[in-house]
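Trainee: Below are the structure tokens for one structure; questions will follow.
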Amino acid sequence: MAALHRYVFLGAPGVGKGTFAGRLSKALRIPAVSTGDIIRQAIKDDTAEGRQIKVFTNAGRLVPDEVVNAMVKKRLAQADAQAGYILVRAREQRLS
């Protein structure tokens with residue numbers, strides 16, 4: 001059985017979390033899952049979550065943890081993340 005890899009990269013914007021996660025993701029053949037990417041994709045795809053997120057961001061507010069965490073759980077349940085994943089979050093976000 002292959003090893004299960006689960007990593008969480010935290011840090012300020014621009015410190016290289018995504019760059020390093022992308023490199024490690026390729027080496028380990030597991031997805032790098034960025035909360036920012038998930039949020040931007042939901043807005044771009046105009047999903048129900050994306051429309052909900054726009055309400056908060058248009059008001060200059062952070063997206064509530066409950067919304068982000070639900071989206072992350074949904075993403076991590078996908079088949080490509082079953083062998084592991086790298087979760088990338090900005091320092092301002094909390095892990096609940």
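The values are calculated or read from the model by the stated rules, or taken from the named source; none is laboratory data. Computed from a predicted structure; not experimentally measured. We place every Cβ from the backbone using ideal geometry, glycine too, and count neighbours over all the protein chains shown.
Trainee: Which of the numbered conditions does residue 60 fail, given that it passes all the others? Conditions: (1) at pLDDT 95 or above; (2) of a type outside the set (S, T, N, Q); (3) farther than 18 Å from residue 87 by Cβ.
Mentor: Status for residue 60: all satisfied but (1).
Trainee: Does at least one position in region 30-39 carry a residue that is more than 14 Å from the chain's Cα centre (by Cα), surrounded by fewer than 16 Cβ atoms within 10 Å (Cβ to Cβ) and assigned to a helix (DSSP H, G or I)?
Mentor: Within region 30-39, none of the residues are more than 14 Å from the chain's Cα centre (by Cα), surrounded by fewer than 16 Cβ atoms within 10 Å (Cβ to Cβ) and assigned to a helix (DSSP H, G or I).
Trainee: Among residues belonging to region 51-81 that are in contact with a helix residue (DSSP H, G or I) (Cβ under 9 Å, 6 or more places away or on another chain) and not in a helix (DSSP H, G or I), point out the one that is farthest from residue 8 (Cα to Cα).
Mentor: Within region 51-81, the match that is farthest from residue 8 (Cα to Cα) is 61.
Trainee: Also: Need the failing condition index for residue 48 against (1) touching a residue at least 12 places away in the same chain (Cβ under 8 Å); (2) farther than 18 Å from residue 84 by Cβ; (3) of a type outside the set (Lys, Arg), just the number.
Mentor: Here residue 48 clears every test but (1).
Trainee: All but one of (1) touching a residue at least 60 places away in the same chain (Cβ under 8 Å); (2) small (Gly, Ala, Ser); (3) in contact with a Ser or Thr (Cβ under 7 Å, 6 or more places away or on another chain) hold for residue 32; which doesn't?
Mentor: Of the numbered conditions (1) touching a residue at least 60 places away in the same chain (Cβ under 8 Å); (2) small (Gly, Ala, Ser); (3) in contact with a Ser or Thr (Cβ under 7 Å, 6 or more places away or on another chain), the odd one out for residue 32 is (1).
Trainee: What's the total number of residues in region 1-21 that are surrounded by 15 or more Cβ atoms within 10 Å (Cβ to Cβ), assigned to a helix (DSSP H, G or I) and not charged (D, E, K, R)?
Mentor: Count: 3.
Trainee: I need the full set of residues from region 1-35 which are modelled with pLDDT under 90 and not hydrophobic (A, V, I, L, M, F, W, C), in order please.
Mentor: Of everything in region 1-35, those that are modelled with pLDDT under 90 and not hydrophobic (A, V, I, L, M, F, W, C) turn out to be 11, 13, 14.
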